[in-house]
């Protein structure tokens with residue numbers, strides 16, 4: 001799971017929330033609750049920027065008692081498509097060719113702000129030699 005630990009510290013009259021694993025991912029809030037409420041969007045925006053720049057998306061480090069913010073399962077799957085593409089040196093154009101689709105569809109497939117269908121994610125992973133497994137478990141008490 002993509003659960004990134006974060007730190008939360010007072011910063012003048014606000015609270016600064018940072019993700020040690022992703023230096024460009026941070027947010028602020030007037031209260032701790034406000035900073036935490038914006039953290040998911042800050043994390044998503046930072047990961048999207050890394051992907052758009054063609055960089056490596058860091059995996060989350062162990063929480064070790066720190067609080068975490070998780071990517072949605074859909075976003076985590078999109079990041080895994082991106083990782084698989086980089087590992088196989090497959091461009092967006094090549095993935096589009098393999099999927100027999102238009103390159104703009106691949107752009108949307110990798111866009112963490114676009115609600116892709118699970119079938120599209122599964123198909124992209126399949127042509128990259130990957131599969132998606134879903135695990136459902138009880139919530140921690």
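Which residues, counting only those in the range 1-36, are farther than 15 Å from residue 66 by Cβ, out of contact with any strand residue (DSSP E or B) (no Cβ under 7 Å at 6 or more places or on another chain) and outside any strand (DSSP E or B)?
Residues satisfying the conditions are 12, 13, 23, 24, 33, 34.
Can you tell me which of 81, 121, 136 is more than 15 Å from the chain's Cα centre (by Cα) and over 19 Å from residue 19 (Cα atoms)?
Selected residue: 136, the only one of 81, 121, 136 that is more than 15 Å from the chain's Cα centre (by Cα) and over 19 Å from residue 19 (Cα atoms).
Suppose we keep only residues that are within 18 Å of residue 9 (Cβ to Cβ) and in contact (Cβ under 8 Å) with a residue 12 or more places away in the chain within the range 32-45. Which one would you say is farthest from the chain's Cα centre (by Cα)?
Among residues in the range 32-45 that are within 18 Å of residue 9 (Cβ to Cβ) and in contact (Cβ under 8 Å) with a residue 12 or more places away in the chain, the one farthest from the chain's Cα centre (by Cα) is 32.
Every read-out reported here was derived from the displayed coordinates using simple, explicitly stated rules and does not represent laboratory data. Not measured: the values here are computed from a predicted model. Don't worry about glycine lacking a Cβ; one is built from the backbone with ideal geometry, like all the others, and counts go over all protein chains shown.
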